[in-house]
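What follows is one structure encoded as structure tokens, with my remarks underneath.
The values are calculated or read from the model by the stated rules, or taken from the named source; none is laboratory data. Remember, it's a predicted structure, so these values are computed and weren't measured experimentally. All Cβ positions, even for glycine, are placed from backbone atoms using ideal geometry, and neighbour counts span all protein chains on display. Surface areas here come from the heavy atoms of the whole protein model, side chains and all, with no ligands, DNA or RNA. Shrake-Rupley method; radii C 1.70, N 1.55, O 1.52, S 1.80 Å.
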Amino acid sequence: MTINQILATVREDIHNRYDYALHAEQVDAVLDTVIEEHLGKAEMLDLVPVLVERDASERLEEMLLDGSVHTLHRARRIVFVNRSNRIMAELAAAMTRAVAGTSALVTVAATDENVASDIKLESVARRRSLPLTFEENRERRALNSADVTVYLDEAEAHDMGGRREVVWNIASTENKSGAEIDALADDLQARVEELLAELGIVAPQIAAA
């Protein structure tokens, strides 16, 4: 591939990451400036795409943090991880979707089939009308990684990447009574709502009849 072809791929990746939040023209303006800067002083062209990706991302992140820059709505990417209990991650994801709607893109980490069932938590999901959609996180590109990766067990390997990691350490459902399971689900719901509030996403208010 030529340098221009590689830079075109970088441009596409950057747009995939930031077009949720910024106008395409804003993203292109930053990319054009950064590319011109690096091509103008490059001694090794092979390094230019890496440097462009890094510097453009940094400048775009600064724009997102700058209140004077008009931004678009950007769906937050959230991944829940519990490789010892897939259903717990699915329940957390379902709770998040119920609150966030289209304001969040929510997936769970892939697990083995033998941990993809938990009758107690599946019952909670049914009673609370929370659909378990089994949407696995398949994103491998760093530019499209999660905004937040939530590990539900502190023993989990922190290997999913993401811009921010959170550890909740939710207790196992093993040998728990129905009341204890409900309390666990209430705790999980509270943590979900707290996280979303930190991200600026709040549960919709239902008007009184």
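Odds and ends about this structure:
- The residue that is farthest from Ser84 (Cα to Cα), among those in the stretch 115-129 that are open to solvent by 50 Å² or more (accessible area, probe 1.4 Å) and not basic (Lys, Arg), is Ser129.
- Asp118 among the charged types (D, E, K, R), under 30 Å from Ile3 (Cα atoms) and at pLDDT 75 or above: no
- Whichever residue in the stretch 54-82 is open to solvent by less than 30 Å² (accessible area, probe 1.4 Å) and in a loop (DSSP other than H, G, I, E, B) and, among such residues, is modelled with the highest pLDDT: Asn82
- Some residue of the stretch 35-45 being closer than 30 Å to Gly200 by Cβ and either open to solvent by less than 90 Å² (accessible area, probe 1.4 Å) or under 20 Å from the mean Cα position of the chain (by Cα) (or both): no
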